[in-house]
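Single-structure report; data block below.
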Ligand SMILES: Cc1cc2nc3c(=O)[nH]c(=O)nc-3n(C[C@H](O)[C@H](O)[C@H](O)COP(=O)(O)O)c2cc1C
């Protein structure tokens, strides 16, 4: 049987950011937040020897592995890998607009072939314990077209999946970069409301442009859940309030020197196995907007070049000690 998991608050999959290390930090700050891996291409997942630094799941549940692909056998095998690694969910990326991804026949371009997507989702359902889900856009190109979105959802739901994450803007597949595709096509949350009213038993999680925790909370009361990307990328410490704000837990997590110690204890054994930048990147944005933050940031960057891990830990510890009141 699948575990019953509340996806009221999710951190969006972000390549280069939602690494196993970032997910560990997120899990220190919130026990309830639903987490995602970075997207990994099915071929890489199956054939590459160095995938551990993307897919390792060291007690980070509840969590989904996000894959990109459209080959049924590879998708099936990917589900098995996700299941063996104790992921709760495997998610098919049908939202990434990059040229490379289009070349590999996955991501947002798949929205043009709803039957193929339905068949992909069928192939991914290998057992009753791992949840299969999709993350998609509301359309392709510049014009809004609810009929297109509705027909897409009608088809893919025939696979029996129950969870759909919707980045509520179109994907523009030519002439706009992936970054531009996260800002230029306008948001349209109404499409998500309309499709939800047609499918009350399906969980539609809203994603796109949610830029404060207060807005997230309001939207989580209207939609089945919210998914946030850049707000968490830019300010991971926001997550310390999630369990109390979204899951009725009694207390907020308090950031302290222990937060840094716990995090460093997790990444210390990984030193030398992954780049120091990837190991520390989840903490690099904690200085923004904090008085004298720039001073700490400059120190951190110069020590990173020297790979001086123990001194780096001390600088982070001093930052938290000095700024505890401000960051809590
Ligand atoms: C750096 C970065 C990397 C991303 N990588 C992925 C990815 O691997 N898979 C995916 O489905 N979306 C990816 N996205 C899109 C986010 O999941 C999310 O849909 C988008 O940022 C909109 O949410 P936001 O406005 O809360 O940031 C990425 C976004 C960013 C900023």
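Laboratory data are not the source of any read-out in this text; all were calculated from the coordinates shown. What you see is a predicted model, and the numbers here were worked out from it, not measured in a lab. Cβ atoms come from the backbone with ideal geometry, glycine included; neighbour counts cover every protein chain shown.
How much FRET efficiency would the formula 1/(1 + (r/R0)^6) give for residue 73 and residue 52, where r is the Cβ-Cβ distance and R0 is 22 Å, rounded to 0.05?
Efficiency, from the Cβ-Cβ distance: 0.45.
When each pair of different Cα atoms in region 170-247 is counted once in the 1/r mean, what is the Kirkwood radius in angstroms, to one decimal?
Value: 14.0 Å, from the Cα pair sum.
When the Cα atoms of region 260-327 are enclosed in a convex hull and the volume is divided per residue, what value in Å³ results?
Taking only Cα atoms, region 260-327 has a hull volume of 77 Å³ per residue.
As an exercise, use a Förster radius of 56 Å and the Cβ-Cβ distance of residue 292 and residue 143 to find the FRET efficiency, rounded to the nearest 0.05.
In this case the efficiency is close to 0.70.
Compute the distance in nm between two label points, each set 7 Å from the Cα along the Cα-to-Cβ direction, one at residue 6 and one at residue 177.
Output for this residue pair reads 4.0 nm.
On C-alpha positions alone, give me the angle between the axis of helix 293-305 and the longest principal axis of the chain, in degrees, nearest 10.
With both axes taken from Cα atoms, the answer is about 90 degrees.
Suppose each label sits 7 Å from its Cα in the direction of the beta carbon; what would the residue 215-residue 103 distance come out to in nanometres?
For residue 215 paired with residue 103, the spin-label model returns 3.5 nm.
On C-alpha positions alone, give me the angle between the axis of helix 146-156 and the longest principal axis of the chain, in degrees, nearest 10.
90
Can you tell me the 0 to 90 degree angle between the C-alpha axis of helix 213-222 and the longest principal axis of the chain, rounded to 10?
30
Full-extension gain between residue 324 and residue 250, please, as 0.36 nm times their residue separation minus the C-alpha to C-alpha distance.
Taking 0.36 nm per residue and subtracting the Cα distance, the gain is 24.6 nm.
Using Cα pairs closer than 8 Å and at least 6 residues apart in sequence, work out the relative contact order for region 9-247, in percent.
It comes to 19 percent, rounded to a whole number.
Shape of region 9-247 from its Cα gyration tensor (a ≥ b ≥ c, root eigenvalues): rounded if a/c is under 1.5, otherwise prolate when a/b > b/c, or oblate?
Rounded, because the longest to shortest axis ratio a/c is under 1.5.
Taking the alpha-carbon centroid of each part, what is the distance from region 256-328 to region 166-215 in angstrom?
33
Shape call for region 17-156 from the C-alpha gyration tensor, a ≥ b ≥ c root eigenvalues: rounded (a/c under 1.5), prolate (a/b greater than b/c) or oblate?
Since a/c reaches 1.5 and a/b is larger than b/c, the shape of region 17-156 is classed as prolate.
Using the beta-carbon distance between residue 302 and residue 85 and R0 = 51 Å, what value does 1/(1 + (r/R0)^6) give for FRET efficiency, to the nearest 0.05?
0.90
Is the C-alpha gyration tensor of region 111-261 telling us rounded, prolate or oblate? Criteria: a/c under 1.5 is rounded; beyond that, a/b larger than b/c is prolate, otherwise oblate.
Prolate shape, in that a/c is at least 1.5 and a/b is the bigger ratio.
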